[in-house]
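A.B. asks: Take this structure, written in structure tokens, and hold onto it; I'll ask about it next.
Every number here is computed from the coordinates shown, using simple stated rules; none is lab data. The structure displayed is predicted, hence computed values, not measured ones. Here Cβ is always computed from backbone atoms with ideal geometry, including for glycine, and neighbour counts include all displayed protein chains.
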Amino acid sequence: MESTLELYEQNVIPSYGRFPLVLERGEGSRVWDETGKEYLDFGAGIAVCSVGHCHPRVAEAISRQARKLVHCSNLYYNRPQGELARRLVGYAGHPGKVFFGNSGAEANDGLYNLARKYGNEARSPLSRHAAGERLEYAPNRFEVITFDGSFHGRTLGGIAATGQEKVKKGFEPIPVGFPHVPFNDVPELVRAIGPETVAILMEPIQGEIGVLPATRAFLKAVRALCDEHGLLLMFDEVQCGLGRTGDWCAWQTLTGGEIIPDAISWAKGIAGGFPMGAFWVRDRKIALKNGGEISLADLLGPGSHGSTFGGTPLACTVANEVLTIIEDEGLLANAREMGAYAKSAVEALGSPLIRAVRGVGLMMAIELIPDFSARLGDTRPASQALIARLHAAGLLCIPSGAQSIRWLPPLNVTRAEIDRAVEILRNALT
């Protein structure tokens with residue numbers, strides 16, 4: 001019989017750079033491979049398994065709903081979807097409405113569609129004068145500004161929006177309408193706003209290149225620029241949202257709730273491993289070109305957007321259960337407490353091979369020194385070289401660019417599990 005690796009080599013498109021591990025089962029913060037070797041999982045499916053692997057309440061919710069109703073078309077209503085939407089509106093902290101899909105990339109595609117629809121139908125603000133120049137807004141604005149180092153998914157729109165050139169290679173010509181500017185740089189952002197700009201899309205914390213948070217001052221400046229120019233402020237919280245930072249939304253953690261976005265995308269941890277994505281749109285009045293007005297939350301009307309599998313009774317039941325567990329078990333507070341503990345514990349190692357430790361809640365990056373791989377005599381990027389050692393010692397974590405690794409454990413991770421992870425890291429660095 002073929003091995004699992006042989007099955008993949010013969011039958012699965014090789015679009016992922018996979019580590020040579022075959023995982024078979026999981027429980028809590030631990031997983032086991034086909035040989036029975038145990039690993040402490042500090043990747044959690046890349047911030048997906050919010051309440052750990054195979055939480056008994058999640059397993060029971062899946063079984064219960066699967067025996068009742070798995071799927072129904074969005075031509076009809078189902079109560080779990082309505083209840084989940086109400087919950088997410090509450091987490092956003094402001095009135096609005098929610099659309100459901102299947103992934104983060106799909107949720108972000110919905111944000112691009114929202115921005116294009118807004119640019120075509122909403123009345124532009126009055127032309128403004130700045131530095132002696134008159135900015136005439138285009139009749140149909142469509143450009144969405146994103147940021148260097150960002151990641152927004154692997155659809156064609158997501159590739160265009162992502163501020164990393166390596167993601168775009170081989171997919172040219174890239175769809176137009178997504179200029180990139182440096183992160184946390186207000187002057188460059190001001191210069192990038194032009195007649196066709198309609199929205200600004202950003203991750204409050206960039207996860208793919210070393211866990212880089214936006215500053216409070218930058219977030220406030222972005223909101224002010226959006227208000228000045230009639231732009232939508234859209235947050236990609238696919239990785240950093242729904243409890244990972246110790247609040248339901250990362251922008252709330254970073255600003256204390258001082259600002260209000262116009263739209264938010266979520267996925268990953270929303271259903272603890274069950275495929276789901278969603279985006280929230282703020283309920284605020286916008287003026288239309290035809291002279292009327294409408295709520296932004298109602299702009300994507302019937303026939304303008306859709307998803308066959310978005311918001312099924314099964315997916316929504318699972319998400320509701322996962323989010324209820326986070327509430328019941330006090331996991332927002334645990335994310336804050338354990339995140340601070342993990343960061344201080346890694347810093348206390350005092351390793352000369354660690355350049356910096358960054359983190360917000362249970363979203364943490366360990367950045368390695370520039371010549372890390374050379375010191376090991378390893379030709380691989382530093383993150384890959386260290387992760388190979390950690391895997392061998394029984395700890396799973398995720399690369400974050402070439403020089404950093406990410407710790408994204410379940411939100412119910414314990415102090416003892418963090419201590420064990422730090423011990424494994426210490427031994428690997430030694």
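A.B. asks: Would you work out which of SER307, LEU75, SER124 lies farthest towards the positive end of the dipole of the range 69-327? Charges go on Cβ: Lys and Arg +1, Asp and Glu -1.
C.D. replies: Among SER307, LEU75, SER124, the one farthest towards the positive end of the dipole of the range 69-327 is LEU75.
A.B. asks: Considering the dipole of the chain built from charges on the beta carbon (Lys and Arg +1, Asp and Glu -1) around the Cα centre, which of GLY291, LEU232, PRO187 is farthest to its positive end?
C.D. replies: Of the listed residues, the answer is GLY291.
A.B. asks: Would you grab the residues whose amide H sits under 5 Å from the one on ARG355? Only those 5+ places off in sequence or on another chain, please, with H modelled 1.01 Å from N.
C.D. replies: Correct list: GLU367, LEU368, ILE369.
A.B. asks: Just to confirm a number: summing +1 for Lys and Arg and -1 for Asp and Glu over residues other than GLU237 whose beta-carbon lies under 10 angstrom from that of GLU237, what do you get?
C.D. replies: Values: positive: ARG244, LYS268; negative: GLU203, ASP236.
The answer is 0.
A.B. asks: Rank VAL89, VAL70, VAL318 by mean-square fluctuation in a GNM of the chain with C-alpha springs under 10 angstrom and give only the top-ranked residue.
C.D. replies: Per the Cα network of the chain with a 10 Å cutoff, VAL70 tops the list.
A.B. asks: Would you calculate a helix-derived [θ] at 222 nm for the chain, using -39,500 (n - 2.57) for each DSSP H run of n ≥ 4 and dividing by the full residue count, to the nearest 500?
C.D. replies: On the way: 15 runs with 158 residues, N = 430.
So the calculated ellipticity at 222 nm is -11000 deg cm²/dmol.
A.B. asks: Order by neighbour count: THR215, THR197, fewest other Cβ atoms within 10 Å first, most last.
C.D. replies: Details: THR215 13, THR197 25.
Ascending Cβ contact count within 10 Å gives the list THR215, THR197.
A.B. asks: Okay, next question. Take the alpha-carbon centre of the range 129-192, take the same for the range 306-377, and report the distance between them in whole Å.
C.D. replies: Each part reduced to its Cα centre gives a spacing of 28 Å.
A.B. asks: Could you check which residue among GLY26, GLY292, GLY210 shows the biggest mean-square fluctuation in a GNM of the chain with a 10 Å Cα cutoff?
C.D. replies: With Cα springs under 10 Å in the chain, the top fluctuation among GLY26, GLY292, GLY210 is at GLY292.
A.B. asks: Have a look at TRP407, VAL89, VAL357 and report the one farthest towards the positive end of the charge dipole of the chain, computed about the Cα centre with Cβ charges (Lys/Arg +1, Asp/Glu -1).
C.D. replies: Selected residue: VAL89.
A.B. asks: To the nearest 20 Debye, how big is the dipole of the range 69-327 about its Cα centre, given +1 on the beta carbon of each Lys and Arg and -1 on that of each Asp and Glu? Before the final figure, lay out each step's value.
C.D. replies: Numbers: 24 positive and 27 negative charges, 65 e Å.
Dipole magnitude for the range 69-327 comes out near 320 debye.
A.B. asks: Taking the Cα centre of each part, how many Å lie between the range 388-430 and the range 1-30?
C.D. replies: Value for the Cα centre distance between the two parts: 20 Å.
A.B. asks: Taking only Cα atoms, what is the 0 to 90° angle, nearest 10, from helix 331-348's long axis to the longest principal axis of the chain?
C.D. replies: Between helix and principal axis, roughly 60 degrees.
A.B. asks: Still on this model: Taking neighbour counts of Cβ atoms within 10 Å as a proxy for exposure, in what order, fewest first, do ARG87, ARG244 appear? Before the final figure, lay out the partial values.
C.D. replies: On the way: ARG87 17, ARG244 29.
By the 10 Å Cβ count, ascending, the order reads ARG87, ARG244.
A.B. asks: Using r as the Cβ-Cβ distance of GLU24 and ASP419, and R0 as 25 Å, what FRET efficiency do you calculate, to the nearest 0.05?
C.D. replies: That pair, GLU24 with ASP419, gives E of 0.45.
A.B. asks: Distance check, please: which entries in LYS117/LYS285; LYS117/LYS289; LYS220/LYS343 exceed 20 angstrom between their Cα atoms? Numbers along the way, then the final one.
C.D. replies: On the way: LYS117/LYS285 15 Å; LYS117/LYS289 12 Å; LYS220/LYS343 27 Å.
Violating the 20 Å limit, Cα to Cα: LYS220/LYS343.
A.B. asks: Just one of [x] 66, 55, 45; [y] 142, 62, 43; [z] 69, 57, 39 is Cα extents along the principal axes in Å calculated from these coordinates, so which is it?
C.D. replies: [x]
A.B. asks: Of the peptides 183-189, 247-253, 118-124, how do they stack up when ordered by the mean number of other Cβ atoms within 10 Å, highest first?
C.D. replies: On the way: 183-189: 16.6, 247-253: 24.6, 118-124: 18.4.
Order by mean packing, descending: 247-253, 118-124, 183-189.
A.B. asks: Okay, next question. Report the net charge of residues surrounding GLY256, where surrounding means a beta-carbon distance below 15 angstrom and charges are Lys +1, Arg +1, Asp -1, Glu -1. Show your work: numbers first, answer last.
C.D. replies: Numbers: positive: ARG216, LYS220, ARG223, ARG336; negative: ASP247, GLU258.
Here the charged neighbours net out to +2.
A.B. asks: As I understand it, the value is the acute angle between the Cα axis of helix 216-229 and the longest principal axis of the Cα atoms of the chain; what does it come to in degrees, rounded to 10?
C.D. replies: Between helix and principal axis, roughly 30 degrees.
A.B. asks: How many angstrom lie between the C-alpha centres of the range 193-262 and the range 31-47?
C.D. replies: Their Cα centres are 32 Å away from one another.
A.B. asks: Further, regarding this structure: Note the full-extension length gain between GLU34 and GLU83 as 0.36 nm times their separation in residues minus their Cα-Cα distance, in nm to one decimal.
C.D. replies: Values: separation 49, 0.36 × 49 = 17.64 nm, distance 3.88 nm.
In short, 13.8 nm is gained.
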